[in-house]
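Novice: The structure is given below, and queries will be raised subsequently.
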Amino acid sequence: MAHPTAPRITGTFLDEITHDIPSQNWGVEEWRREFRLYRAIGIDTVIIIRAGYQNKCIFPARSLPDLLPVYEDLAKVFLDLAEENGLSLYFGTYDSGFHWHRGSWWREVEINRRFVDEVVERYGSHPAFRGWYLCHETSRNSSSIVELFRRIGGHCKAAKDLPVLISPFPEGDKQFGAGAFRLEDSLDHWDRIFAETRDVIDVCAFQDGQIHYQQLPAFLKGIADLGQRHGIRIWSNLETFDRDMPIKFPPADWRYLRFKMEAAATVAEKIITFEFPHFVSPYSCYPAARNLFRRYCEYCGFQDVLAGL
């Protein structure tokens, strides 16, 4: 049954570096079909989760060493399709998967400065380019994350002054077990991170899958209060994949996804997801995603979209 005031997903990450989920081997026409679907169901924002990772990139970047071959400029494809469908695109930065994990945060910053400059040189005038995404994910004030956020985020703003988004994760029981943070520990860490990066970060969208469902409302409320204190807008990153299964990663169970979505809607300005193409799209390589899409459309009242498939 449709719920007229149901919360809705209005943004999605795009993961085409295929770090820990499989490639769907989509070409331009498959992506065009997907972006048209976004326009039909009210998704107005797409976020490239990382434009480069290790020796892979979605465009033939001169600023990155030893790249694997890049056969198609997916950055331009995504920007053009976003413009075609009236969507805003947030451009993800580069993750070496190496320097910052070893404490050499300055090397991570150096390569990202060159990378960001090249992104602006190539795509800075594109009308769909509406924001930056800092792809270095963290759960706490460690791994020199403040230095990375300040210097990479600051350089993004200097190169092209647009909103900067981050999407960290809670240090929760599902991922960290007995070593997980208490709620007050997480909030203490993020109070400090926000205080030191508020001039270079505009939006924070916490991932929601690392803590148990019953803990989520209190966590979301605590982060929303910190955002208000520090002037950082709070979105929610609704994980549409399942962390409860022993395999990585199937589409989420609709019942729990609805719970997380309704919890987020009480505090978040916007609900985005990781990641619609794989885990919710009717065109996904996962059959269960197609069923999840039907449940989502029934809940939101998108019967006309279902009828058109």
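The values are calculated or read from the model by the stated rules, or taken from the named source; none is laboratory data. Since the structure is predicted, the reported quantities are computational estimates derived from the model, not experimental observations. For neighbour counting, all protein chains shown are included, and Cβ atoms are generated from backbone atoms with ideal geometry for every residue, glycine included.
Novice: Could you list, ordered by first residue, the pairs with Cβ atoms under 8 Å in which the first is in the range 202-213 and of a type in the set (S, T, Y) and the second is modelled with pLDDT of 95 or more and surrounded by fewer than 20 Cβ atoms within 10 Å (Cβ to Cβ), at least 6 apart or interchain?
Specialist: Listed by first residue and then by second, the contacts come to Y213/Y256; Y213/F259.
Novice: Limited to the range 111-125, what total is found for residues that are touching a Lys or Arg at 6+ places or on another chain (Cβ under 8 Å) and not in a helix (DSSP H, G or I)?
Specialist: Number satisfying all stated conditions: 1.
Novice: Moving to a separate point now. From the residues in the range 126-161 that are touching a His at 6+ places or on another chain (Cβ under 8 Å) and not in a loop (DSSP other than H, G, I, E, B), which one is surrounded by the most Cβ atoms within 10 Å (Cβ to Cβ)?
Specialist: Out of the qualifying residues, it is I152.
Novice: Let me ask something else about it. If we keep just the residues of the range 83-105 that are part of a helix (DSSP H, G or I) and surrounded by 20 or more Cβ atoms within 10 Å (Cβ to Cβ), which is nearest to the chain's Cα centre (by Cα)?
Specialist: The residue in question is W100.
Novice: Out of L238, L220, L226, L216, report the one residue that is part of a helix (DSSP H, G or I) and within 16 Å of K174 (Cα to Cα).
Specialist: Answer to the check: L216.
Novice: Can I ask one more? Can you find even one residue in the range 224-232 that is surrounded by 16 or more Cβ atoms within 10 Å (Cβ to Cβ), under 20 Å from G92 (Cβ atoms) and in contact with a Lys or Arg (Cβ under 9 Å, 6 or more places away or on another chain)?
Specialist: Yes, the range 224-232 has at least one match.
Novice: Now, a different point. Name every residue in the range 188-214 that is surrounded by fewer than 19 Cβ atoms within 10 Å (Cβ to Cβ) and aliphatic (A, V, I, L, M), in order of residue number.
Specialist: The answer is A195, and nothing else.
Novice: How about the range 164-191: which of its residues are part of a helix (DSSP H, G or I) and either out of contact with any helix residue (DSSP H, G or I) (no Cβ under 8 Å at 6 or more places or on another chain) or without any contact (Cβ under 8 Å) to a residue 24 or more places away in the chain (or both)?
Specialist: K174, Q175, F176, G177, A178, G179, E184, D185, D188, H189
Novice: Then there's this: Scanning the range 241-260 for residues that are in a helix (DSSP H, G or I) and under 17 Å from the mean Cα position of the chain (by Cα), which turns out nearest to F169 (Cα to Cα)?
Specialist: Going through the qualifying residues, I end up with K260.
Novice: Would you check if E108 is part of a helix (DSSP H, G or I), under 19 Å from the mean Cα position of the chain (by Cα) and of a type in the set (D, E)?
Specialist: Judged against the criteria, E108 is not a match.
Novice: What number of residues within the range 17-38 satisfy the criterion of being surrounded by fewer than 20 Cβ atoms within 10 Å (Cβ to Cβ), in contact (Cβ under 8 Å) with a residue 12 or more places away in the chain and among the acidic types (D, E)?
Specialist: 2
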